[in-house]
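Written out below as structure tokens is the structure these notes cover.
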Amino acid sequence: MFKDIIIGQYIPGNSPLHRMNAPIKIILTIFYIVILFFINNPISYLVFALYTFILVLVSKVPLKMILKGIRPMLWIFIFTAVVNLFMTPGETVWSIPIFKFTLNITSEGIIQGAKMLYRLFFLITGTSLLTLTTSPLQLTDGIETLLHPLSKIKVPSHEIAMMMTIAIRFIPTLAEETDKIMKAQTARGADFESGNIIRRAKAMVPLLIPLFVSAFRRADELATAMEARCYRGGMGRTKMKENKAGIIDLKGCIIFVIALAVLILLEILVEF
């Protein structure tokens, strides 16, 4: 399951999304997330899903891989759905008696739960497309470029960008390491599958120590490698490839603005 995590992975390619300017991709991704939580009618949801599907096709990232990457997040989906089903007030459509309490499922809860599941799905898909089509170096340069104005007030933009990128890129590495440790302990008789949720959670505790040891070891190796290459932070550093916007970035922005205008019109004109 852990090896299916796609957040933080990068797939080399030559698609239009791969060739786009990193800072522009980051800005568009931020607007993508904001818009996702503002749309509120079924037709807007359909248009947004169509736009995302077109992005996946243009990126040439296998749709199967993205769907497979959703699998490790199923517990978050289930938890979100349950919370919205039972915690949203409204007209009761089904009551479930549990001991001295009664849990009510409301029609508003069903609608709200469906909306949150939709938003979570496309939130993961959209952010994954950013990392899948942007190399670690481009991502670091893009974040640094966006944070550069803050350097005037002594904010270490390069160091912050570097830490954020390393943290993102360590997600699939640690997931793969966790999967290896689980398989090794399973071969020695550990059981991670049977029992209730509490028992499974307790069974995961022995994974923490070797996982932390592995994480610190990798961090130390990374620090040694950076020192061996005379890394001294962002002061005076130059770039082999500068972040420059081109025609493909202009086309991407125009398409995004058109999609945004359509969604705004739908929200204004279509009422549900």
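Screening region 127-144 for residues that are out of contact with any Ser or Thr (no Cβ under 6 Å at 6 or more places or on another chain), part of a helix (DSSP H, G or I) and surrounded by fewer than 19 Cβ atoms within 10 Å (Cβ to Cβ) and picking the one that is modelled with the lowest pLDDT gives Leu137. From the list Ala219, Ala228, Ala259, Ala223, which residue is under 29 Å from Lys154 (Cα atoms) and at pLDDT 85 or above? Result of the check over Ala219, Ala228, Ala259, Ala223: Ala228. The condition of being open to solvent by 70 Å² or more (accessible area, probe 1.4 Å) and closer than 28 Å to Leu174 by Cα holds for only one of Ile11, Ile78, that being Ile78. Pairing residues of region 54-69 that are in contact (Cβ under 8 Å) with a residue 24 or more places away in the chain and loosely packed, with under 15 Cβ neighbours inside 10 Å with residues that are part of a helix (DSSP H, G or I) and not hydroxyl-bearing (Ser, Thr, Tyr), at Cβ distances under 6 Å and at least 6 apart in sequence or on separate chains, gives Lys68/Asp4.
Among the residues of region 33-50, those that are hydrophobic (A, V, I, L, M, F, W, C) and either open to solvent by 20 Å² or more (accessible area, probe 1.4 Å) or farther than 11 Å from Tyr118 by Cβ (or both) comprise Ile33, Val34, Ile35, Phe37, Phe38, Ile43, Leu46, Val47, Ala49, Leu50. Checking the stated criteria, Tyr32 turns out not to satisfy the condition of being under 14 Å from the mean Cα position of the chain (by Cα) and closer than 29 Å to Met182 by Cα.
Inspect region 18-25 for any residue being open to solvent by less than 70 Å² (accessible area, probe 1.4 Å) and more than 18 Å from the chain's Cα centre (by Cα) and give the result as yes or no. Scanning region 18-25, I find at least one residue that is open to solvent by less than 70 Å² (accessible area, probe 1.4 Å) and more than 18 Å from the chain's Cα centre (by Cα), so the answer is yes. Of the residues examined, Pro12 is one that is at pLDDT 75 or above, under 30 Å from Asp141 (Cα atoms) and not in a helix (DSSP H, G or I). Consider region 231-254 and keep the residues that are hydrophobic (A, V, I, L, M, F, W, C) and modelled with pLDDT of 80 or more. The one that is nearest to Ile26 (Cα to Cα) is Cys253.
The values are calculated or read from the model by the stated rules, or taken from the named source; none is laboratory data. All of these numbers come straight from a predicted model, not from anything done at the bench. Cβ: placed from backbone, ideal geometry, glycine included. Neighbour counts: every protein chain shown. SASA here: full protein model, heavy atoms, side chains in, ligands and nucleic acids out. Shrake-Rupley method; radii C 1.70, N 1.55, O 1.52, S 1.80 Å.
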